[in-house]
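What follows is a set of notes on a single structure, which appears directly below.
The values are calculated or read from the model by the stated rules, or taken from the named source; none is laboratory data. Bear in mind that the values here come from a model prediction, so they are computed numbers and not experimental data. A quick note on method: Cβ atoms are made from the backbone with ideal geometry, for glycine too, and the neighbour counts reach across all protein chains shown. The protein model used for the area step is the full one, side chains on, heavy atoms only, and it has no ligands, DNA or RNA in it. Shrake-Rupley method; radii C 1.70, N 1.55, O 1.52, S 1.80 Å.
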Amino acid sequence: ICCFHRSDAGETMAWSESVDTLLANKDGLAAFRTFLKSEFSEENVEFWLACEDFKKTKSSTKIISKAQKIYSDFIQADAPKEINIDFHTKTHISRNISEPTLSCFDDAQRSVYSLMAKDSFPRFLRSEMYKELVKKQQHGNQKRWLPFL
C-alpha cells in the first residue's frame, strides 16, 4: 500500500468511476495489480496490458515475436499465466498465431476486460485495500489543509 501515496483522495476515489479510469491511472493500476495478485488473478491485467502494448507495435518482426510471447505466456494450454477464455476464442487465436495481426488478441482482450470490469473491479472497490487507500488520502488531505491536526 505504501507505494500508492502519490495520488490525492479525489483521484483515488475517481478510480471507482470505471475500470477505464483505474487502468489509465499509474497508481490506480499499481493498486489494482497488487489486489489481483492477492487474489491470484493478476494474469488478467497482465494480459490486458500486454495486448495494449502489442497494439502499438509498428515493426512486423516485432509483431510476430510479441504475438508469440503473448500466446506462450497467456493463451496456450498450460501457459504460465494462462487466462480463462472460451474455447472458440482460444482456438481462433491458435489457428492464426503463425500470421498474427495487431487485432489477433482483440476478442480475448475484450473477454478479459469484461471479466475484470464485472468481477475483479467491484471486488477491488469493496476490498479493505481500496478502503484503506481512500482513508489514507482523505486523512493526508486534512493534514495538508489543517496543519494543527
### Filter result (assigned to a helix (DSSP H, G or I), surrounded by fewer than 17 Cβ atoms within 10 Å (Cβ to Cβ) and at pLDDT 95 or above) within the stretch 49-60
L49, E52, D53
## Note on the structure
Pairing a residue in the stretch 19-45 that is in contact (Cβ under 8 Å) with a residue 40 or more places away in the chain with any residue that is charged (D, E, K, R) and not in a helix (DSSP H, G or I), where Cβ atoms lie under 6 Å and the two sit 6 or more apart in sequence or on different chains, gives L36/E42; E43/K81
### Query
Taking the stretch 19-48 as the search range and keeping residues that are part of a helix (DSSP H, G or I) and either among the hydroxyl-bearing types (S, T, Y) or more than 23 Å from R126 (Cα to Cα) (or both), which one is most open to solvent (accessible area, probe 1.4 Å)?
S38
### Index of the failed condition, L125 passing every other in (1) part of a helix (DSSP H, G or I); (2) of a type in the set (A, V, I, L, M); (3) open to solvent by less than 30 Å² (accessible area, probe 1.4 Å)
(3)
### Only one of A77, A67 that is exposed (fewer than 13 other Cβ atoms within 10 Å of the Cβ), farther than 20 Å from T21 by Cα and free of Cβ contacts under 8 Å to residues at least 60 places away in the same chain
A77
